[in-house]
Each structure stands twice: as structure tokens, then as C-alpha cells.
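As C-alpha cells, the structure follows; a few thoughts come after it.
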Amino acid sequence: MAQVHLIKLCVGAETVEDLADWQRQARAQAPCGRPRHVTRMWPKQAAALVAGGSLYWVIKGLVQARQQILRLDEVDRGDGIARCGIVLDPQIVRVRPQTKRPFQGWRYLRPEDAPEDLGEARGGETDLPPRLLAALEEIGVR
């Protein structure tokens, strides 16, 4: 089975730390005890997503982090609409920042188009601001 990823805007977060804080708070209320992002649409490529795929987060116009997708759960909020709960690994992995224009919902992301983990791309260097890392990448400096 070929692997595929998702990419999604992280609305309301200013930083990766904001995402982590929000997930810590939400996890306390989640029935599975893991971070879960609920979306109305069920991915057609579900099997490829749970075969090692990740959810890549776009924060402030930059792809900055990813979390491995563990499974997809059906979520019923009592309104008759079946939603998809994307259950995520709690570990947030920073990735090489990449600019991304706003879009609605989520999109599929092919593995070859996904940014590298920051540890792989810059030898673990994470103290530079994401916008500076993205600018360095754009001019070919890694």
C-alpha cells in the first residue's frame, strides 16, 4: 500500500507551541486520550493514510510540523452527520518550513512533496525562526 499524507491549516495557532498547548488541553477531554482532529469529510485514501502517513500543519503561512496519523475514527456529535476523527501521535515533529498559501479543508500530500523533518534537514537545528528557515531554503541555503 502506497503511503500518503494530509496537509491542513492550523487556524488560530501562532506557533508550533500553540498547537501543542491546544492539543494537550483537548486530549484531556478526548475519549481516546490522543490528539484528534475532527473533519467533516472522510478521506477516500484512508488506508494509505494509516499506512504511515502524517498530518502536516500549516501555521502562519508555513508548513512547520507534522504528526503521524494513527487511525481514523467515526465521530458522531448527535446531529446525524458522520465525521472523521483523525487520531494523531502526540509527538509533534518540526519540519523544514515551507511556504503554503491558504486553502480550505485538508489536501492530500504526496511523500515526495512533503518537507523533511527539521532534524534531518538542518542537523536538529531548531532555534532559528521558521520564516528565516523558509527564506534560507528558498535561496538554497540548508
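The values are calculated or read from the model by the stated rules, or taken from the named source; none is laboratory data. All figures in this text were calculated on a predicted structure; none of them were measured in a lab. Backbone-built Cβ (ideal geometry, glycine too); neighbour counts: all protein chains shown.
Need pairs with beta-carbon distance below 6 Å; first residue within 16 Å of H37 (Cβ to Cβ) and within the stretch 91-107, second buried (at least 19 other Cβ atoms within 10 Å of the Cβ); sequence gap 6+ or separate chains. Close Cβ pairs (under 6 Å, with a partner that is buried (at least 19 other Cβ atoms within 10 Å of the Cβ)) amount to I92/A65; I92/Q67; V93/R66; W106/L6; R107/I7. Among the residues of the stretch 56-81, those that are surrounded by 19 or more Cβ atoms within 10 Å (Cβ to Cβ) and either of a type in the set (V, I, T) or touching a Phe, Trp or Tyr at 6+ places or on another chain (Cβ under 8 Å) (or both) comprise V58, I59, V63, Q64, A65, R66, Q67, I69.
Checking the conditions here, which among Q67, Q45, Q3 is among the polar types (S, T, N, Q) and modelled with pLDDT under 95?
Working: Q67 fails: modelled with pLDDT under 95; Q45 fails: modelled with pLDDT under 95.
The match here is Q3.
Would you mind stating whether G33 is over 26 Å from P130 (Cα atoms), exposed (fewer than 15 other Cβ atoms within 10 Å of the Cβ) and touching a helix residue (DSSP H, G or I) at 6+ places or on another chain (Cβ under 8 Å)? So G33 passes the test.
Under the condition of being more than 11 Å from V16 (Cβ to Cβ) and part of a strand (DSSP E or B), the residues counted in the stretch 68-95 number 16.
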